[in-house]
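One structure below.
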Amino acid sequence: MNKKYVIIGSIIVFVVLLVGVFVCLNKNEKPLPLPELADGIRGEQFGIDKNINEATIDNYLNRDDTVYRDVRPLEDVAPWENKGGDRYISAFIPGFEVVPYIYLAGFSDKYIEEKKEEGVEGLYQGKSLFTINDDGTYTANYEESMDILEYLFPKDKNIFIICGGGGYAGLTKNLLVALGWDENKIYNIGGFWYYEGNNSEQIKRTIDGKDYYDFWKLNYHNIDFNTLREK
């Protein structure tokens, strides 16, 4: 009788473990749609994804097979408020780690001129890991540039990228694809300025007419160029 109970108990434990393993392996059982450009200017100019974007991102959070990157700087030097945006990270989606695009690669002369015509002058022109060339290729400025990029944007994961309006996210995807990343694993989610989901965490506080920013809430990746070796 006792042997019978032992066998039954063992079977129950085995089944429970098997179910647990199955659940873990299939936590993200729903495969992602392949990246597909949105219709119109969102896709053509910014490269924003048609299926996974500001309107749908809440359905794709907390996946183990995906990393989430917000490429806005804490405070942008360019006046994006002239286009209805925000130069600060005033709010964010938890789970997205901040890796500012402006420190990854510079801007082409064409992009700078386009933004100037749109009222956004004074784009960041300081140090960056890479420099974009006239032919669309990139040159590493530091010995550690590629190592940093591969660490922050792991090639074995899906990569969701968001910024303010979608432009910096598109530039980040261009950079990664040009340097060997699989374009079918990278999604330009678009701009947080247009996010209306249920996972917004506020950063900006206004007290007595003065704005304060709780940047300590962010998982922010600082790139200290002073510690890197120039090429």
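Every number here is computed from the coordinates shown, using simple stated rules; none is lab data. Predicted model only: the values in this text are computed from it and were never measured. Note that we place each Cβ from the backbone using ideal geometry, even for glycine, and neighbour counts take in every protein chain shown.
Relative contact order for the chain: 25 percent, from Cα pairs under 8 Å spaced at least 6 residues apart, divided by residue count.
Available extension along the chain between residue 127 and residue 91 is 10.4 nm, counting 0.36 nm per residue and deducting the alpha carbon span.
Simple point charges give the picture: +1 on the Cβ of Lys and Arg, -1 on the Cβ of Asp and Glu, and for the chain a dipole about the Cα centre of about 1140 debye.
Computed from Cα positions, the angle between helix 2-25 and the longest principal axis of the chain comes to roughly 20 degrees. Within the chain, the longest segment free of exposed loop sites, counting GluC sites (Glu not before Pro) that fall outside DSSP classes H, G, I, E and B and have at most 14 other Cβ atoms within 10 Å, spans 37-117.
For the chain, modelled as a GNM whose springs connect Cα atoms under 10 angstrom apart, the maximal fluctuation among 92, 215, 153 occurs at 215. Each label point was placed 7 Å from the Cα along the Cα-to-Cβ direction; for residue 56 and residue 113 their separation is 3.6 nm. Computing volume of the Cα convex hull per residue in Å³ directly from the structure and comparing it against (1) 133; (2) 146; (3) 188 singles out (3). Where Lys and Arg each count +1 and Asp and Glu each count -1, what net charge lies around residue 124 among other residues with Cβ under 13 Å from its Cβ? Charge balance near residue 124 sits at +1.
Considering only 61, 37, 153, the residue lying farthest towards the positive end of the dipole of the chain is 61, judged by Cα position with unit charges set on Cβ.
Here the Karplus relation 6.51 cos²θ - 1.76 cosθ + 1.60, evaluated at θ = phi - 60°, turns the backbone of the range 172-185 into coupling constants of 5, 4, 4, 4, 5, 5, 4, 9, x, 6, 6, 5, 7, 10 Hz, with x for every Gly and Pro.
Neighbour counting of Cβ atoms within 10 Å sorts the residues 210, 30, fewest neighbours leading, into 210, 30.
When the chain is treated as a GNM, springs tying every alpha-carbon pair under 10 Å, which of 79, 94, 33 comes out with the largest mean-square fluctuation? Of the options given, 33 has the highest mean-square fluctuation. When +1 charges are put on Lys and Arg Cβ atoms and -1 charges on Asp and Glu Cβ atoms, the dipole computed for the range 124-212 relative to its Cα centre reaches about 300 debye. Fewest-first ordering of 200, 128, 90 by other beta carbons within 10 Å of each residue's beta carbon gives 200, 90, 128.
Annotation: the residues 212, 68, 124, sorted from fewest to most other C-beta atoms within 10 Å of their own C-beta, follow the order 212, 124, 68. Distant-in-sequence amide contacts of residue 144, defined by a placed amide H-H separation under 5 Å and a gap of 5 or more residues or a different chain, comprise 229. Close amide H contacts of residue 97 (hydrogens built in the peptide plane, cut-off under 5 Å, sequence separation of 5 or more or a different chain): 68, 69, 70.
Summing charges over neighbours of residue 161, with a neighbour being any other residue whose Cβ is under 9 Å away from its Cβ, gives +1 when K and R count +1 and D and E count -1. Taking amide hydrogens as placed 1.01 Å from N in the peptide plane, the amide H of residue 105 sits under 5 Å from those of 129, 130, each at least 5 positions away in sequence or on another chain. If only the Cβ of Lys and Arg carry +1 and only the Cβ of Asp and Glu carry -1, the dipole of the range 109-169 around its Cα centre is close to 240 debye.
With helices as the sole contributors, the chain gives -7500 deg cm²/dmol at 222 nm; each DSSP H run of n ≥ 4 counts as -39500 (n - 2.57), and the sum is divided by every residue.
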